[in-house]
1. Which of the following residues is farther than 16 Å from V270 by Cα, of a type in the set (S, T, N, Q), assigned to a helix (DSSP H, G or I) and modelled with pLDDT of 95 or more: N48, N53?
2. Tell me which residues, restricted to the stretch 108-129, are among the aliphatic types (A, V, I, L, M) and either in contact with a helix residue (DSSP H, G or I) (Cβ under 7 Å, 6 or more places away or on another chain) or closer than 14 Å to D165 by Cα (or both).
3. Just checking, does the stretch 316-329 include any residue being in a helix (DSSP H, G or I) and within 24 Å of I70 (Cα to Cα)?
4. So, in the stretch 3-25, of the ones that are of a type outside the set (K, R) and not in a helix (DSSP H, G or I), which residue ends up modelled with the lowest pLDDT?
5. Determine which single condition I58 fails, assuming it passes every other condition in (1) within 30 Å of I351 (Cβ to Cβ); (2) buried (at least 19 other Cβ atoms within 10 Å of the Cβ).
6. From G323, G305, G293, G311, grab the single residue that is modelled with pLDDT under 95 and more than 15 Å from the chain's Cα centre (by Cα).
7. Under the condition of being among the aliphatic types (A, V, I, L, M) and within 30 Å of R18 (Cα to Cα), which residue from the stretch 61-86 is surrounded by the fewest Cβ atoms within 10 Å (Cβ to Cβ)?
8. Residues that are under 27 Å from A332 (Cβ atoms), out of contact with any Phe, Trp or Tyr (no Cβ under 6 Å at 6 or more places or on another chain) and not aromatic (F, W, Y): find the strands (runs of 3 or more DSSP E) completely inside the stretch 79-177 holding 2 or more of those.
Amino acid sequence: MARPSNVSGFYKLPPEERLKIIKEAVGLSNEEADLLRSTGGLKLDAANRMIENVIGGITYPFAVATNFLINSRDYFVPMALEEPSVVAAASNAAGWTRGKGGFFTSNTGPVMIGQIQVVGVRDPFGAKMDILAAKDRVLDRANGVDPVLVKFGGGAKDVEVKVIDTVRGPMIVCELIVDCRDAMGANAVNSMAEIVAPMIEELSGGKVLLRIISNLATRRLVRAKAVFAKDAVGGEDVVDGVLDAFAFADADPYRCATHNKGIMNGVVAVALATGQDHRALEAGAHAYAARSGRYRSLSTWEKSGDGDLVGTLEMPMAVGLIGGATAVHPIAKIAVKILGVKTAVELAEVIGAVGLAQNVAALRALASEGIQKGHMKLHARNVATMAGATGDLVDKIAAKMVEEHMVRFDRAKQLVEELSRKP
């Protein structure tokens, strides 16, 4: 690197000045700098107000999954991600459910938990009782933060207190139970925790440290169910194969990590398209999968009396339609319009259905022809493009590599050179 990275006042500069510094420091070409400037549907000024030290933007492919019938309503589902086969798999799996009524979903409401950590309490269990006795005062103080949320039926609804043992000794954790309505809720919950912290200190006699939302949203669960006719998925042998694949995942954490990642392929793709905090969704999902003390599948698969495949999914789903990137990113706004959801709860249920669809598609592929057959066809196109193929040549080279079972960059380069020379 031509210059050190400790640039004084970098954060104060406009994006163009920052880009100029980085361009000179690392030797970006004019073409590379122009690519960074091309931020797609998000204007550079808007991006600069969303996060710090912005110099450009990055665009993910934006796709629409089809065939989704959820609670008797049809949806076009926007998905943004870089991995091939995911959108096709979700669309196919959604089609398999339509003969059985599609997906059926429910939820536990848009409720989040805010945690207030208290240390240095001599009598933690006695202090717990004192905090609970003052619950109404605590709730009143918390709800003063966001009267608009309260007006629409949300706000802090309850206070819970627990004493936990840690390597630093016992601590009190005071938890605010907050109905966030159509917001994801991080800002509201964190503000409420901040405002009640002095009261909690006074009641407990201890010192408040952390005041933060929990991303293990066990009060904000989404549930999805679907029946897949055995003939739609390839017969009873495939159904049994899916059940065996599920049993493997539920029993072995090494397999289960990839199994649940398949669910998150769908969840995160919709979350990213609609401007959600997909990192919070990932953290909450995997923590929820391990809530029993052993990392297990987020989904469950069974066989009905008719031999059909029955899938269910339960997981935290903290998403919102108010605030955050959803409110400011123009593409996220378009994604919500395509989806046609009116509430955060409806969005959560759609995402849960997509996660279940993604899961069954992966399990069926694993249990029948193998995951690579369909995946590599799509991956081959990416490899061909990386090797310099353009236009119709991309599909020709991809098909050739799949036929040869040689989906590799070096083979793609050879084919580009060979086919480009042909008249």
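The values are calculated or read from the model by the stated rules, or taken from the named source; none is laboratory data. This structure is a prediction, so every number in the text was calculated from the model and none was measured. Neighbour counts are summed over all protein chains in view; Cβ atoms, including those assigned to glycine, are modelled from backbone coordinates with ideal geometry.
1. Values: N53 fails: assigned to a helix (DSSP H, G or I).
Every option except N48 fails the conditions.
2. Our first condition is that a residue be among the aliphatic types (A, V, I, L, M); within the stretch 108-129, this holds for 111-113, 116, 118-119, 121, 127, 129.
Those that are among the aliphatic types (A, V, I, L, M) and either in contact with a helix residue (DSSP H, G or I) (Cβ under 7 Å, 6 or more places away or on another chain) or closer than 14 Å to D165 by Cα (or both): M112, I116, V118, V119, V121, A127.
3. Of the stretch 316-329, the ones in a helix (DSSP H, G or I) are 324-328.
Next, from what is left, pick out any that are within 24 Å of I70 (Cα to Cα): 326.
Yes, the stretch 316-329 contains at least one residue that is in a helix (DSSP H, G or I) and within 24 Å of I70 (Cα to Cα).
4. The first filter runs over the stretch 3-25 and keeps only residues of a type outside the set (K, R), leaving 4-11, 13-17, 19, 21-22, 24-25.
Next, from what is left, pick out any that are not in a helix (DSSP H, G or I): 4-9, 13-14.
On the way: P4: 86, S5: 92, N6: 92, V7: 93, S8: 93, G9: 96, L13: 97, P14: 97.
Once the filter is applied, the top-ranked residue is P4.
5. Evaluating I58 over (1) within 30 Å of I351 (Cβ to Cβ); (2) buried (at least 19 other Cβ atoms within 10 Å of the Cβ) leaves (2) as the failure.
6. On the way: G305 fails: modelled with pLDDT under 95; G293 fails: modelled with pLDDT under 95; G311 fails: modelled with pLDDT under 95.
Being modelled with pLDDT under 95 and more than 15 Å from the chain's Cα centre (by Cα) holds for just one of G323, G305, G293, G311, which is G323.
7. Of the residues in the stretch 61-86, the ones among the aliphatic types (A, V, I, L, M) are 63-65, 69-70, 77, 79-81, 86.
Now narrow it down to the ones that are within 30 Å of R18 (Cα to Cα): 80-81.
Values: A80: 22, L81: 19.
Looking at residues that are among the aliphatic types (A, V, I, L, M) and within 30 Å of R18 (Cα to Cα), I get L81.
8. On the way: elements: 103-107, 111-119, 155-164.
Correct list: 103-107, 111-119.
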